[in-house]
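Below is one structure, written out as structure tokens; comments come after it.
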Amino acid sequence: MSTSHGKSDGSRGFRNAVVVLANYRQFTKGEEIRQRDQLSVMLLWRRAGSGRVTANDESFALDEDGFYILPWGRRLAYAADRTSPYDVGCIHVIPDHGRAAPVQLFMRPQALSDTSRALRRDVPLTRDGRVVRGRFANAPSLRHLADYIVTAWHGGPVAERVARQFGQLLCREWCLYLSRSGPSPRPFPRALQGLLLFARRHLDGPLSLSDLVRASGLSAATVGRLFRRHLRVTPVTWIRRQRVEQAQSLLSSTTLSVTEIGLRVGIEDVYYFSRMFKEVSGLTPSAYRRRTRAI
């Protein structure tokens, strides 16, 4: 697999990839869970709260906006914070599942039949087998895909054909991210993590730079500097993009009207919402919905 610009993204090695489990998991305060070696590669991200995850002997916090791709065969331990337990998203992928027998979805390794276990094989994403750390700010399409897969999984039984399509798409996004990324980024400063968490919780209403300043206790100059340094955009631009990303998800996964979706992302004026959506995405909300439904 290539990890350099201008070369293959490596996704051809995942033609037999399949998603076998996708879920959101809300931990209780102080809850701890340990799992045996996972016969899967897992995408893990934090939705709210705080806590730590240990993969073999490597322990790390789930950062705001951060995601982790945990390699095959890791022993996992989750430890939720005692005051702010976390809510995480996770998707388990078999990189190479043979087609000699049906895929056993939802099954934990210890419950697998011998045939199914033998058909599950790993395809390493990296040569050194490391935990891959990234940020959704640098991979917005991965975030949309991950949320869509979990939403689809919660909607009812998933056919094997669809689970395989999900697996191939997800592995492709991972490979694309690796092909254009350098070393794993450092966590955002705690002050910026708090700002992002506050902003995401208040996207359904009026939200401005002044609101971020009041919530954080920082100066407007400091807030602006944090966003420009770590996200390469101004706070106002970031908020606009987040509203549009939420709207895109709603347009592609619900039948809500454009007016209703505008209200869901904090914009009462449907004409302003439509204009902002097009400025950011290049399409009107209606055109975006038609295109994603066609796909």
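Values in this text are rule-based calculations from the coordinates and carry no lab data. Because the structure is a prediction, the values reported are computed rather than measured. Every residue, glycine among them, receives a Cβ derived from its backbone with ideal geometry; neighbour counts consider all protein chains shown.
Charges on Cβ only, +1 for Lys and Arg, -1 for Asp and Glu, centred on the Cα centroid of the range 190-294; of 198, 246, 222, which one is farthest towards the dipole's positive end?
222
Let me have the 222 nm mean residue ellipticity of the chain computed from DSSP H runs of 4+ only, each contributing -39500 (n - 2.57), with the sum over all residues rounded to the nearest 500.
Only helices count here, giving -13000 deg cm²/dmol.
Quick check for me: using +1 on Lys/Arg Cβ and -1 on Asp/Glu Cβ, what's the dipole size of the chain about its Cα centre, in debye to the nearest 20?
In total the dipole reaches around 560 debye.
Measure out, as a whole number of angstrom, how far apart the alpha-carbon centroids of the range 76-102 and the range 182-256 sit.
Measuring centre to centre over Cα atoms gives 26 Å.
With unit charges on the beta carbon (Lys/Arg positive, Asp/Glu negative), name the residue among 116, 126, 27 whose Cα is farthest towards the positive pole of the charge dipole of the chain.
126
To the nearest 10 degrees, how steeply does helix 270-281 sit against the main Cα axis of the chain, on a 0 to 90 scale?
For 270-281 against the chain, the angle is about 50 degrees.
Could you work out the relative contact order of the range 154-295? I mean the mean sequence separation of Cα pairs under 8 Å and 6+ apart, divided by the number of residues, in percent.
Relative CO of the range 154-295 lands at 18 percent.
Using alpha carbons only, how many degrees (0 to 90, rounded to 10) separate the axis of helix 220-231 from the longest principal axis of the chain?
Approximately 30 degrees, to the nearest ten.
Calculate one ³J(HN,Hα) per residue across the range 256-264 by plugging θ = phi - 60° into the Karplus curve 6.51 cos²θ - 1.76 cosθ + 1.60, and present them in order as whole Hz with x for glycine and proline.
Whole-Hz 3J(HN,Hα) from phi for the range 256-264: 4, 6, 4, 4, 5, 5, x, 5, 4.
What's the magnitude of the charge dipole for the range 190-294 around its Cα centre, counting Lys and Arg as +1 and Asp and Glu as -1 at the beta-carbon? Answer in Debye, nearest 20.
460 debye
Could you order peptides 80-89, 17-26 by the average number of other Cβ atoms within 10 Å of their residues, highest first?
17-26, 80-89
Taking amide H atoms as placed 1.01 Å from N in the peptide plane, list the residues 5 or more away in sequence, or in a different chain, whose amide H sits under 5 Å from that of residue 132.
When sequence neighbours closer than 5 places are left aside, the close amide H contacts are 69.
For 40, 208, 179, what's the fewest-to-most ordering of other Cβ within 10 Å of each Cβ?
Least to most surrounded, the residues fall as 208, 179, 40.
Could you work out the relative contact order of the range 11-180? I mean the mean sequence separation of Cα pairs under 8 Å and 6+ apart, divided by the number of residues, in percent.
Rounded, it is 32 percent for the range 11-180.
Work from the charge dipole of the chain (Cβ charges, +1 for Lys and Arg, -1 for Asp and Glu, about the Cα centre) and give the residue of 77, 18, 262 farthest towards its positive end.
My answer, from the dipole projection, is 18.
Where does helix 140-154 land angle-wise versus the long Cα axis of the chain, in degrees 0 to 90, nearest 10?
Once rounded, the angle reads 60 degrees.
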